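Here's the structure, in structure tokens; my notes come after.
The values are calculated or read from the model by the stated rules, or taken from the named source; none is laboratory data. Everything quoted here is computed from the prediction, not taken from an experiment. Glycine gets a Cβ as well: all are built from the backbone with ideal geometry, and neighbour counts include every protein chain shown.
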Amino acid sequence: MLIFAILIACIFALFTYLIVMYNNLISLKNNVSKNWSNIDVLLKQRYSELPKLIDTCKEYMAYEKDTLEKIVVARKAALFASDTRDLIALGQAENSLKTGLTQLFALAENYPNLKTNESFQRLEQRISELESSIADRREFYNDSVNLNNIRIQQFPDILVARAFNFRAFDLLKFNETEIQDVGIKKQFKT
């Protein structure tokens, strides 16, 4: 009878431990999703500001149509990659977008009326703020991905992770040109 009671207690303890482990893995997985959503919101806010910036620039930069079109195409690609959570495509699209923005702001130097336009200055500040927020959120996202990926590879968590099909997530990686701020303020200092 005592052996049976000990066996039942061990089974109950093991079952409780597995439930706690499963719930912790669910928490990590949902944290990754939450942090991705935070990035996604900021990216979409930035993407919604870009048409306003382009419209403002079009008024002054009639000869820079190619640069403006590159930004529009990169924005569409980045939106699609963000919606599909394709981190590799997102990195490439973000790189194209940043390159286009950097080129746009460098060209804007040739248009003094544009540089003093109030709407342009507000958009410059807003996009710069969004860039900083996106960089912060990338860090949170990558931390949560790292915690999740480590946890599902550790023993005994790996047993529960495999049993319930938990998967590793990709880190949101950007090369050096993608990490750098577009440098809007630097582009417009006289």
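Brief remarks on what is shown
- Meets criteria (touching a residue at least 12 places away in the same chain (Cβ under 8 Å), basic (K, R) and on the phi > 0 side of the Ramachandran plot) for R46: no
- For the stretch 12-33, filtered to residues that are closer than 28 Å to E129 by Cβ and in contact (Cβ under 8 Å) with a residue 24 or more places away in the chain, the residue that is surrounded by the most Cβ atoms within 10 Å (Cβ to Cβ) is V32.
- Restricting the stretch 104-129 to residues that are closer than 18 Å to L42 by Cβ and surrounded by 17 or more Cβ atoms within 10 Å (Cβ to Cβ), the residue that is modelled with the lowest pLDDT: E124
- Filter result for D170 (assigned to a loop (DSSP other than H, G, I, E, B), at pLDDT 85 or above and closer than 30 Å to I19 by Cβ): yes
- Filtering the stretch 37-96 to residues that are among the aromatic types (F, W, Y) and either closer than 16 Å to L171 by Cα or at pLDDT 85 or above (or both) leaves Y47, F80.
- The stretch 105-156, subset closer than 20 Å to V32 by Cα and of a type in the set (A, V, I, L, M, F, W, C), residue nearest to the chain's Cα centre (by Cα): I134
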